[in-house]
Every structure is written in structure tokens, then in C-alpha cells.
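See structure below.
The values are calculated or read from the model by the stated rules, or taken from the named source; none is laboratory data. The model shown is predicted, which means the values in this text are computed figures rather than measured ones. Cβ atoms come from the backbone with ideal geometry, glycine included; neighbour counts cover every protein chain shown.
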Amino acid sequence: MTAGSRASLYVDIGPLRETFYTGIPNVIAEICQRLLQEGWLDLYFDLDGKWIDRADVAACLEARSGAGLGTDAGRFRPAAEIRTALAASGALDDTVALYTDHRPPRKLFRREGKLVYDLSMILAPECHPATSVVMYTSDLDQQIACSDVLFPISQSTARDLEWVYGVEPGRIRVALLGNNVDLTLSNRMRALIADRPVEPFLLVLGSIEPRKNAALVLEWLAQQPDVLDSVRVVFAGRQAWGDTFETMVDRFGLRGALDAGRIVFTGFVDERLKAALLVGAVAMLYPSMFEGFGLPLLEAMAVGTPVLSSVSTSMPEVVGGCGYYFDPESVSSLHAAFRRLWADRASGALQALTERAKQRANGFSYDHTYRVIIEGLFPGTSPPG
Amino acid sequence: MPTMFASASVREERMRGGARSVLPGRTRWTALFHLYQAGFVAAGWRIRTVDRPEIYQAAAARELLGVMDGDWHLAVKPLGEIRPFHGLPNLFVCDWEYPALSAGRAPLAPFLDQAGLLNRADLVLCTNGFTESVVRGHGVARTIVLPPPVPAPAPPDLAEQPDRPRRRTPGLAFLCILDADQLSRPLRPLLEGFAAARAAAPVPLRLLVRLEGAAQHDASPLWDAAVAATGLDRVDGVHLSFAPDPIDDAAALLLFAEADFFLSCSPAEGLPLPVIRAARAGLPVVATPVGGTETLLPPGCFVPITTETVAVPEAAEPLAAFMPLSWDLPRPGAVRDALLQAAALERPEAGRMAAAAASALRGAVGRDAFAAGVSVLRRHLSRTGS
């Protein structure tokens, strides 16, 4: 591409199929939003083999939901026609591709980039259902090998790519995720609960599955029951796979605490309830064993909620020096982090830390994420605008 | 005191409260880990086990764990299960027992590319010379031979015991210790060879089989199935016992006291732990001269069983599906001949053979040898700046 010319970009938007845009779908929505504003790009969106036109993508982004794509799906042309159309217009040989999900294990376009979220399926397969591991990893090496440029979402994932797959650093562009927390919503929630007496609670945000490591928190509460005299502990997230929350509660002898409401399990929470829980919590506790980034940490920091964070993988890249770290393998380490937080809360030192955390969160921008991706896809050029 | 961050757990063992993995070779790798652990502690290291070394990537993680300059990461587990500890020198123990390594990428998953994986180590600690020659033959240059110290089994009390306690049953007994996982290997040479030797020997022969790594209720059907697979109707003189874990010194000495010879028909070996323990306890050895057995025991120190090189079946080693692998399998006749040769040895001659083997092993896998090896290891890492 030369300065001032147009370019064709094929984008796999698989994650946008989700009904609610949180996590990865939210990331892809942010990228697509910016792509749609580019006048120099001819965009070709592929979602699960369907060619989705710009207007439909824009509608999904507006609704923050892919629900509309499922209705009247017959109106979409097969995505295979994208290549036919590009060939007819003479643009096929110069087309660039961005894969945001599982990609074909062979190269189809001139230059291809792939987002890589994390390699936990490879490095920690025991934390995932076996069928998912097989599905995700069976040809991952080929997907990686045929991508010209890879966009890991953290330095940690980049390091894993280099170590596991021997990817040369020159093919890697770290695209840290951004902060798009809707402060209007959280401020509204804060206003709603401002004058109400809220008993102190810790928020454990994340689905119930082995990788998210809720068991560590329950084991901690079993060993340190006094903690529940100071705070309630609220687990918010859907029951995913592995041991159920109830099973774990029984295993650690915490049925009484659950029945008494000192431990609360909400199940899935929507964005509004999540915002309310985040702003109301004394701290967010994130015990995850393995992350590609750690968006919930960023969300908590953005709204001024202190974070007790696992020190694993990418999470320190998000939290920096603005949180209380613990080893996700160690109950005593978690307890020590909690005691530090509690001491700082009593002394007032916590206030300064959360202010710093807010500033840090503001430094994470999807504009930066987007710029890294565009520069990786179109290297050595200055896209118009 | 420097810290060795040691990772030995695999798969479901890495889960919170996870059960012991059923990965083949688990018993053996656990034993190896404990031996290395004891060796490094004796050499002045503090050992801290970590289940997931790969997650401690950031400076904050290393600070939280108290990682200091001079600390190392030691991985003692099968190659496909190894994960790195970024920011620390990574020492990977390799106990590979076949004459070839898998190498290259597709269609191999990343952790099945053994040569590639070993090349990412700062140093590969080979358990024996055979393994090192295989590893080096596949282009992995950063290796040393550093078997763990394998002490001679010590009696539970320190009372004077100038001689091994003797068995009480007449005739000769051959002791064979098998990992339950090894039942996927051909059992016919052992059983048919023993039956033939028993028929021909001038004295009664017994075969004591100790199956480790499985509780009896699990191991019995495994053994029965393995015996059935040999097609042999009945083999007299075989006495079977089970142990869920490698036996401790006291139990080992009792077991060794029941036997006149230790027998290993293994077609492939890394570090032959049962052979070493038996030989260090003074039991003469009858064994296939393969892998680590051959490099650790000089000729004349044991009665060798003749072998022939054949392809490894997938049932015994899944990697055989991706690459040609061979091992050195004894024929039943070779086992028979070796048993009869052993049975014909005069007691003093068998004693001299056993003493020579014990001496060779003391020099190779004794505490002093390990301490000397650790010095080499330190020099190597300081030279490479790891």
C-alpha cells in the first residue's frame, strides 16, 4: 500500500457472534469500531462463514450484541464469495487479513495477522475441558506458523509464544488491551448506593472454573474464618465447568458461611450488576491461575476499587505497582496480601493507591491497541488519516 | 543459601487438591525427583517446589517468591510436561531411554518436539551417558551427565550387618522389580525365558516379581492381562507382590534378602533405578545391556542378556506413532541362557561380580559423584552466564 491509496482488509469477527459483548467480544468490538471509521479501508467481515456487511457489523457494535446476526441468517452471503469479489476487483493479491479467533491453518492472503489471547490451553491444559483443548490446539502450531504477524495481548503471552512455538520476536507485536469502562454506569451505581449502608465485601469476579481458581479463596476462608467477620465474600460469575461452587463450598466446610450469607454466590451478573458490585466492593479479589491480560483487574482499577491480584502471567502488566499481589498457589500468600490491604485501609494509604491505579488504568487505550494492529498489518506505511 | 525452584508435578496434580496423575512413568519420575531433591539439599541448596513455574513471569512474581540471583529452576518430569521458569536458569532433567528423540514441528504438538524443547533449556541434566549421547546426537549441546545420588539401601537400624540376611527357601531366586506402567512392554521373554531356565536348571528356580506403582486391586488384572497376552498357559515358580509406590529401604532390603540375583529384562532404560538399588545393596545383577544400564555397569559386573534391535510398538510408547523408535528386546532363549549362566556361578564369583557393580555404581551415583557433578554444573552455568 502506498500513502493515500486504498487497501482491502479481510476481518474474521467470530467473537462478535456472542449475545453479550464482554471480554474478548468487547475487545473485537472496539477494534471493529475503529476499523469502520477508516475511509481508506475496504472491509470484508467474515463471521462463521458468513459475509457480514458493514451496516450489520455497525448495528452489532451499537447494540453490543451479536444477537441480530442470528436472526434471518439466510440474508448473508457465504464468506467464500469474499475472495471471489476481491479477485473480480483485482484486489485479492493485495488483501490483508486479520484473524481474531481460530483461523485456517494455511495462508490465504498477502499478509495475515492473528490475535493471540493466551496459551493456557497449551501450557495448562488441565485447566480446560479436554474437548476444548483438542479443538483449540490441534492445528494451533500451523495457525501460528502461517501468520505473518501475531498480536499477543500481553508481554506474557508474547513470551509464551516465543518459548512454546519459537516465534521470532520480529513477528510479534504486543497489543495490550484498552480501558473502555463506562464510568457513567459505575458513577450511577455509586450514586445509587452512596447513602445506603453497605456491609464491606470482597468481590471475586470470574466464572467458576479451575483456571479462575475460586478454590483458593474458599480454602483461604476455611483456614481463616475470621476474615468473614470483617467482610462478606461475593463470588460473581457463571458456573462454567469443573467442580460446582456448591461442591467446593462443601469440600471446604463452608456450608454454614454460605447459608448465613457471609459467602455469596451470585452466578452470572450482567454489566449493570457487575458495575454495582465493583464500585461497592472493598476490593476485588482476582485469584486467576492463568490470564492473557486480566480485563476485570483493569475494570476495577478504573473505577477506583482496590485489587488483590494473582501475580501470575500477565496480571502484573495490568496492575503494575497499584495492587496487592499474591501467589495463586498459596493460601498464606493470599492472606498476607489481604492483611496488607486491610492495614492500608485502616491507615488511609489505600486512597493514594487507588488514585494511582485509576491513573494507570487510564493509560490503557484501545486506540493504542488498534494502532499496534494496523501498523502490524500494514508495516512501513502511514495509513491516511 | 541459593534456592532451587523445583517443578515435578504434572497435569491434574497441578490442580488445587488434584489427584495423582496416571501419566505413564509417574512412579519412576516421582522417585527421581525425590532423589534429586535429596542430592541438591545435601549439596547446599534450599528446595522450593512450584507446580506452575511458567506463571511467574513478571518481576513482581519473582519478588513475591523471593527469587534471588543464583537461584535455578529444576524440572524433573517427562519431557512433554516440562514448563519453563522465565528469568531463571532452566535445568531440565532428561531420562529418555530410546535411541532417538522426536524433533521438528508439524505434525508434532509443541511439547512433543523433544529436541526443540531440550534446546530451550539452559542446561539438560542427563541421568546417564546413554541419554546424553542420544540428546547430543540430536543437536542439543548444553548437556551434562548428572544422575541423582542413589544411595545404597540402608538397614532401618544401624546394627552391624556384615552380610546380607539370607533367604531361607532352597534353590535360587531372581528378583524382578517392574513399574506397573511397564506391563505394556512384552512380558513373554521374561516369563518364557524363566520357564525354560527353570526346566533346565539343576536347582529349583523362583522368580519374584514386584510390581510397583499400583495398588494390588489395580495391578492384579493388569498383570493377568499382561500374562495372558504372552500366550503362555502357565508359568510355575513365579511369586508376585505389589507396592503402590517405590518401596522404602527397609522393605527393599527384605526383598533383596529373599533373592540371589536381580533380574532386568528391560528393552530400554534411562537411569535403571531398581538395578542400581539392588546392585548397591550387594545383589548380583542379570540384565539387558541397554541404555543407562550399559553405561553405568561395566562389562564383567553383571550377567548380560543378549538382545536384538526391534521396532517399539505404539502400545508401549505413543511417540512411536510419529517417529521410528527401536529398542533392544531379549529373546526368551537369551533370558534362559543368562539365568542358567547366573545359576552356574559359584557363590564367590557372584559375590565378586556384585562387589564390582556396587563399586562402579558408588563412583557413578554416590553422594560424592553427585557433589562433583554439581560443581561441574555450577561452572557450566557461570561460563554460559545463565
Taking first residues from region A:160-174 that are within 18 Å of A:ASP118 (Cβ to Cβ) and within 7 Å of chain B (Cβ to nearest Cβ) and second residues anywhere that are of a type outside the set (A, V, I, L, M) and in a loop (DSSP other than H, G, I, E, B), the pairs with Cβ under 7 Å that are 6 or more apart or on different chains are A:TRP163/B:PRO84; A:TRP163/B:ARG120
The one condition A:GLU126 fails out of (1) closer than 29 Å to B:ARG52 by Cβ; (2) more than 11 Å from chain B (Cβ to nearest Cβ); (3) in contact (Cβ under 8 Å) with a residue 60 or more places away in the chain; (4) of a type in the set (Asp, Glu) is (2)
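Name the single residue that is farthest from the other protein chains (Cβ to nearest Cβ) among those in region A:304-318 being within 14 Å of the chain's Cα centre (by Cα), in a helix (DSSP H, G or I) and crowded, with 24+ Cβ neighbours inside 10 Å.
The first filter runs over region A:304-318 and keeps only residues within 14 Å of the chain's Cα centre (by Cα), leaving A:313-315, A:317-318.
From what is left, the residues that are in a helix (DSSP H, G or I) are A:315, A:317-318.
Applying the additional criterion that residues be crowded, with 24+ Cβ neighbours inside 10 Å yields A:315, A:318.
Working: A:MET315: 8, A:VAL318: 10 Å.
Of everything passing the filter in region A:304-318, A:VAL318 is farthest from the other protein chains (Cβ to nearest Cβ).
Does region B:183-197 hold any residues that are in a helix (DSSP H, G or I) and closer than 26 Å to B:ALA251 by Cβ, and which are they?
Looking only at region B:183-197, we keep the residues that are in a helix (DSSP H, G or I), and these are B:183-184, B:188-197.
Correct list: B:LEU183, B:SER184, B:LEU190, B:LEU191, B:PHE194.
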So, first residue at positive phi in region A:286-304, second residue of a type in the set (A, V, I, L, M), Cβ within less than 7 Å, six or more apart or across chains; the pairs are A:GLY294/A:MET315; A:GLY294/A:VAL318
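Taking region B:63-73 as the search range and keeping residues that are within 14 Å of another protein chain (Cβ to nearest Cβ) and crowded, with 19+ Cβ neighbours inside 10 Å, which one is nearest to the chain's Cα centre (by Cα)? Please lay out each step first, then the result.
Going through region B:63-73, the residues within 14 Å of another protein chain (Cβ to nearest Cβ) turn out to be B:63-67, B:73.
Subsequent filtering for residues that are crowded, with 19+ Cβ neighbours inside 10 Å retains B:64-65, B:67, B:73.
Values: B:LEU64: 35, B:LEU65: 32, B:VAL67: 31, B:HIS73: 22 Å.
Selected residue: B:HIS73.
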Subset of region B:1-10, residues buried (at least 18 other Cβ atoms within 10 Å of the Cβ) and more than 9 Å from chain A (Cβ to nearest Cβ), comes to B:THR3, B:MET4, B:PHE5, B:ALA6, B:SER7, B:ALA8, B:SER9
Matching residues in region A:197-217 (closer than 22 Å to A:GLY23 by Cα, touching a Pro at 6+ places or on another chain (Cβ under 8 Å) and within 14 Å of chain B (Cβ to nearest Cβ)) number 3
When restricted to B:PRO246, B:PRO151, the only residue part of a loop (DSSP other than H, G, I, E, B), in contact with a Lys or Arg (Cβ under 9 Å, 6 or more places away or on another chain) and either at pLDDT below 85 or more than 30 Å from B:GLY373 (Cβ to Cβ) (or both) is B:PRO246
A:TYR10 fails exactly one of (1) farther than 30 Å from A:SER207 by Cα; (2) part of a helix (DSSP H, G or I), namely (2)
inquiry  = Going by what's in this entry, would A:ALA357 be described as more than 14 Å from chain B (Cβ to nearest Cβ) and surrounded by fewer than 16 Cβ atoms within 10 Å (Cβ to Cβ)?
reply    = no
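Results for (1) among the polar types (S, T, N, Q); (2) away from every other protein chain (no Cβ under 11 Å), shown as yes or no for each residue.
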residue: A:MET248; (1), (2): no, no
residue: A:THR266; (1), (2): yes, yes
residue: A:VAL282; (1), (2): no, yes
residue: A:ALA302; (1), (2): no, yes
Taking first residues from region B:373-384 that are in contact (Cβ under 8 Å) with a residue 40 or more places away in the chain and second residues anywhere that are small (Gly, Ala, Ser), the pairs with Cβ under 6 Å that are 6 or more apart or on different chains are B:VAL374/B:ALA43
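Going by the conditions given, is B:PRO246 more than 18 Å from B:GLY351 (Cβ to Cβ) and surrounded by fewer than 24 Cβ atoms within 10 Å (Cβ to Cβ)?
Spelling it out, B:PRO246 is indeed more than 18 Å from B:GLY351 (Cβ to Cβ) and surrounded by fewer than 24 Cβ atoms within 10 Å (Cβ to Cβ).
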Going through region A:331-368 in order, the residues found to be over 26 Å from A:TRP220 (Cβ atoms) and over 25 Å from the mean Cα position of the chain (by Cα) are A:ALA352
If we ask which residues in region B:103-122 are buried (at least 20 other Cβ atoms within 10 Å of the Cβ) and not in a helix (DSSP H, G or I), their number turns out to be 2
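If you take the residues in region A:277-294 that are within 14 Å of the chain's Cα centre (by Cα) and crowded, with 23+ Cβ neighbours inside 10 Å, which one is nearest to A:THR184 (Cα to Cα)?
From region A:277-294, those within 14 Å of the chain's Cα centre (by Cα) are A:286, A:288, A:290-294; that's our starting set.
Retained after the next criterion (residues that are crowded, with 23+ Cβ neighbours inside 10 Å): A:286, A:288, A:290-291, A:293-294.
Values: A:TYR286: 24, A:SER288: 28, A:PHE290: 30, A:GLU291: 27, A:PHE293: 24, A:GLY294: 22 Å.
Among residues in region A:277-294 that are within 14 Å of the chain's Cα centre (by Cα) and crowded, with 23+ Cβ neighbours inside 10 Å, the one nearest to A:THR184 (Cα to Cα) is A:GLY294.
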Requested in this report: Inspect region B:312-331 for any residue being more than 20 Å from the chain's Cα centre (by Cα) and modelled with pLDDT of 95 or more and give the result as yes or no.
Outcome: yes
If we ask which residues in region A:332-366 are more than 25 Å from A:ASP226 (Cβ to Cβ) and among the aliphatic types (A, V, I, L, M), their number turns out to be 3
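Of everything in region B:353-386, what is small (Gly, Ala, Ser), within 21 Å of B:ALA278 (Cα to Cα) and surrounded by 15 or more Cβ atoms within 10 Å (Cβ to Cβ)? Give them in sequence order. Even if it seems obvious, please write down each step before you answer.
Kept after step one, since they are small (Gly, Ala, Ser), are these residues of region B:353-386: B:354-360, B:363-364, B:366, B:369, B:371-373, B:375, B:382, B:385-386.
With the extra rule that they be within 21 Å of B:ALA278 (Cα to Cα), the set shrinks to B:354-360, B:363-364, B:366, B:369.
Result: B:ALA354, B:ALA356, B:ALA357, B:ALA358, B:SER359, B:ALA360, B:ALA364, B:GLY366, B:ALA369.
Picking from A:SER156, A:SER186, A:SER147, which residue would you name as being over 30 Å from A:ARG272 (Cβ atoms), more than 11 Å from chain B (Cβ to nearest Cβ) and buried (at least 19 other Cβ atoms within 10 Å of the Cβ)?
On the way: A:SER156 fails: more than 11 Å from chain B (Cβ to nearest Cβ); A:SER186 fails: over 30 Å from A:ARG272 (Cβ atoms).
Selected residue: A:SER147, the only one of A:SER156, A:SER186, A:SER147 that is over 30 Å from A:ARG272 (Cβ atoms), more than 11 Å from chain B (Cβ to nearest Cβ) and buried (at least 19 other Cβ atoms within 10 Å of the Cβ).
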Got at least one residue in region B:11-26 being within 14 Å of another protein chain (Cβ to nearest Cβ), aliphatic (A, V, I, L, M) and surrounded by 19 or more Cβ atoms within 10 Å (Cβ to Cβ)?
-> yes
(1) under 18 Å from the mean Cα position of the chain (by Cα); (2) within 13 Å of chain A (Cβ to nearest Cβ); (3) at pLDDT 95 or above all hold for B:VAL76 apart from (2)
Picking from A:LEU92, A:LEU108, the residue that is in contact with a Leu (Cβ under 6 Å, 6 or more places away or on another chain) and either more than 19 Å from A:ILE28 (Cβ to Cβ) or loosely packed, with under 14 Cβ neighbours inside 10 Å (or both) would be A:LEU92
Quiz item: Do the conditions hold for A:THR354, that is, is it in a helix (DSSP H, G or I), of a type in the set (Val, Ile, Thr), farther than 21 Å from A:ILE172 by Cβ and at pLDDT 95 or above?
Solution: yes
Contact list, first residue from region B:114-133 and under 23 Å from A:VAL164 (Cβ atoms) and away from chain A (no Cβ under 12 Å), second anywhere and in a loop (DSSP other than H, G, I, E, B) and charged (D, E, K, R), beta-carbon distance below 6 Å, six or more apart or interchain, is B:LEU123/B:ARG142
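Rundown of residues vs (1) buried (at least 18 other Cβ atoms within 10 Å of the Cβ); (2) touching a residue at least 40 places away in the same chain (Cβ under 8 Å), yes/no style:
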position	(1), (2)
B:GLY270	yes, yes
B:GLY300	no, yes
B:PRO318	no, no
B:GLY351	no, yes
(Q) Considering only region A:26-35, I want to know if a residue exists there that is out of contact with any strand residue (DSSP E or B) (no Cβ under 6 Å at 6 or more places or on another chain) and in a loop (DSSP other than H, G, I, E, B). (A) no
